[in-house]
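Participant: Take a look at this one; I'll ask things after.
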Amino acid sequence: MFPEKIALSDDDFTRVSRTVYDHCGINLKADKRELVQSRLAKLIRGSTFKCYSDYLDHVLSDSAQPDFVHFIDNLSTNLTSFFRESKHFDYLQQVLIPSLVSNAPSPERLRLRCWSAGCSSGEEPYSLAVTLAESIPSACRANVKILASDISSRMVRAAKEGCYPEKRLEGVASAIRTKYFESKAGTGERNFLARSELRKMLVFRQINLMQEWPVSSGIDFIFCRNVMIYFDKPTQERLVNRYYDVLSPGGMLFIGHSESLSGTKHRFNYIEPTIYQKK
């Protein structure tokens with residue numbers, strides 16, 4: 001039986017932090033040590049491993065094995081909410097989407113591609129889908145797609161399911177909730193399921209931002225918010241410039257309100273805090 005009160009050694013924390021950094025660019029600093037220990041303890045609980053080192057010897061032996069994927073999933077931070085940092089959604093609805101619609105050859109020929117990079121449990125991409133649905137007539141949405149990705153396969157599965165307890169939608173206007181989510185019968189807390197008109201716009205993928213992407217161009221805007229805070233400056237710089245390359249001319253990058261591209265070499269034009277545009 002694993003003794004949960006045992007402390008994570010310096011060497012084991014170094015092994016974890018180095019592996020997570022090399023695999024997905026997340027920089028686990030010393031102040032994350034307690035969090036890492038807590039999450040590792042939950043992973044090991046009930047197993048035959050008697051110490052952290054034994055578990056790490058096993059899980060780090062093969063990055064293709066399910067246990068390694070589970071290890072990465074559980075060391076990812078997944079905090080999100082519907083319409084979080086609402087200024088970005090206001091900008092979409094008031095500025096960017098009207099511009100994209102007006103630049104289309106015709107409303108019926110509108111083609112729009114966006115990416116929620118680091119979608120966690122799905123609140124962000126569904127918020128994007130609602131914003132697009134409210135801004136674009138239904139007859140013009142046939143070629144509107146949102147790529148929703150996360151490094152955690154567990155989060156991608158939850159996001160794809162699109163079912164949320166009522167308390168998770170407390171900040172959503174009742175008219176929007178009624179229009180785009182349907183009540184789902186069940187025991188316990190009331191749940192709400194995203195309606196098909198939102199789901200039609202969404203494509204879910206498990207993507208490691210440090211590895212190959214399924215897109216190479218043609219993206220109109222990217223939401224990568226509160227993701228880069230876990231990366232060091234060189235990793236942020238590489239990621240931001242890869243985003244630049246996949247965006248269409250005039251495409252937009254939205255980052256979190258706790259983030260900044262200050263001190264990062266990039267080619268974007270600054271629009272306003274946390275909003276940048278490809279030249």
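Values in this text are rule-based calculations from the coordinates and carry no lab data. Everything numeric here is computed off the predicted structure, so don't read it as measured data. Don't worry about glycine lacking a Cβ; one is built from the backbone with ideal geometry, like all the others, and counts go over all protein chains shown.
Participant: For A64 and R238, compute 0.36 nm times the residue count separating them, minus their Cα-Cα distance, and round to one decimal in nm. Please list the in-between numbers first.
Facilitator: Numbers: separation 174, 0.36 × 174 = 62.64 nm, distance 2.46 nm.
Contour length minus the Cα-Cα distance gives 60.2 nm.
Participant: By counting other Cβ atoms within 10 Å of each Cβ, how are M252, M201 ranked from fewest to most?
Facilitator: M201, M252
Participant: Name the long-range amide H neighbours of D220: under 5 Å, sequence gap of 5 or more, or other chain; modelled H, no Pro or chain starts.
Facilitator: Sorted by chain and number, the residues that satisfy this are R113, C114, S248.
Participant: Find, among the GluC sites (Glu not before Pro) in segment 184-279, those assigned to loop by DSSP (not H, G, I, E, B) with at most 12 other beta-carbon atoms within 10 angstrom.
Facilitator: Values: sites: E189, E197, E212, E237, E259; in loops: E189, E212, E259.
Taking segment 184-279 and a limit of 12 other Cβ atoms within 10 Å, the loop GluC sites (Glu not before Pro) found are E189, E212.
Participant: Per-residue HN-Hα couplings for segment 159-165, Karplus 6.51 cos²θ - 1.76 cosθ + 1.60 at θ = phi - 60°, whole Hz, x for Gly and Pro?
Facilitator: 5, 5, 5, x, 10, 10, x
Participant: If you plug each phi of segment 88-95 into the Karplus form 6.51 cos²θ - 1.76 cosθ + 1.60 with θ = phi - 60°, what whole-Hz ³J(HN,Hα) values come out, in order, with x for Gly and Pro?
Facilitator: Values per residue, Gly and Pro as x: 5, 6, 5, 4, 4, 6, 8, 10 Hz.
Participant: Which residues' amide hydrogens lie under 5 Å from the amide hydrogen of S47, considering only partners 5 or more residues apart or on another chain, with H built in the peptide plane?
Facilitator: F2
Participant: Still on this structure, please answer the following. Would you compute, from DSSP H runs of 4+ residues alone, the mean residue ellipticity of the chain at 222 nm, taking -39500 (n - 2.57) per run and dividing by the full residue count, rounded to the nearest 500? Could the numbers behind the result be given before it?
Facilitator: On the way: 11 runs with 104 residues, N = 279.
For the chain, the value works out to -10500 deg cm²/dmol.
Participant: Another question about this same structure. Taking neighbour counts of Cβ atoms within 10 Å as a proxy for exposure, in what order, fewest first, do V215, V227 appear?
Facilitator: V215, V227
Participant: Got the relative contact order for segment 10-75 handy, in percent, Cα pairs under 8 Å and 6 or more residues apart?
Facilitator: Over segment 10-75, the number comes to 30 percent.
Participant: Arrange the following residues from fewest to most other Cβ atoms within 10 Å of their Cβ: R154, R190.
Facilitator: The order, fewest Cβ neighbours first, is R190, R154.
Participant: Provide the per-residue ³J(HN,Hα) series for segment 235-243, in order, calculated from phi with Karplus coefficients 6.51, -1.76, 1.60 and θ = phi - 60°, each as a whole number of Hz, with x at glycine and proline positions.
Facilitator: So the J values, rounded to whole Hz, are 5, 4, 5, 4, 5, 4, 6, 5, 4.
Participant: Additional query: Taking H placed 1.01 Å from N in the peptide plane, check which residues at least 5 places from C119 or on another chain put their amide H under 5 Å from its amide H.
Facilitator: Result for C119 returns S149, D150.
Participant: Which of the lysines could be linked to K87 by a straight reach, that is with a Cα gap under 17 Å, when you skip same-chain ones fewer than 8 residues away?
Facilitator: Cross-link targets: none qualify.
Participant: Return the subset of K5/K233; K32/K179; K233/K279 for which the Cα-Cα distance in this structure is over 31 Å, preserving the input order. Before the final figure, lay out the partial values.
Facilitator: On the way: K5/K233 35 Å; K32/K179 41 Å; K233/K279 22 Å.
Too far apart for the 31 Å limit: K5/K233; K32/K179.
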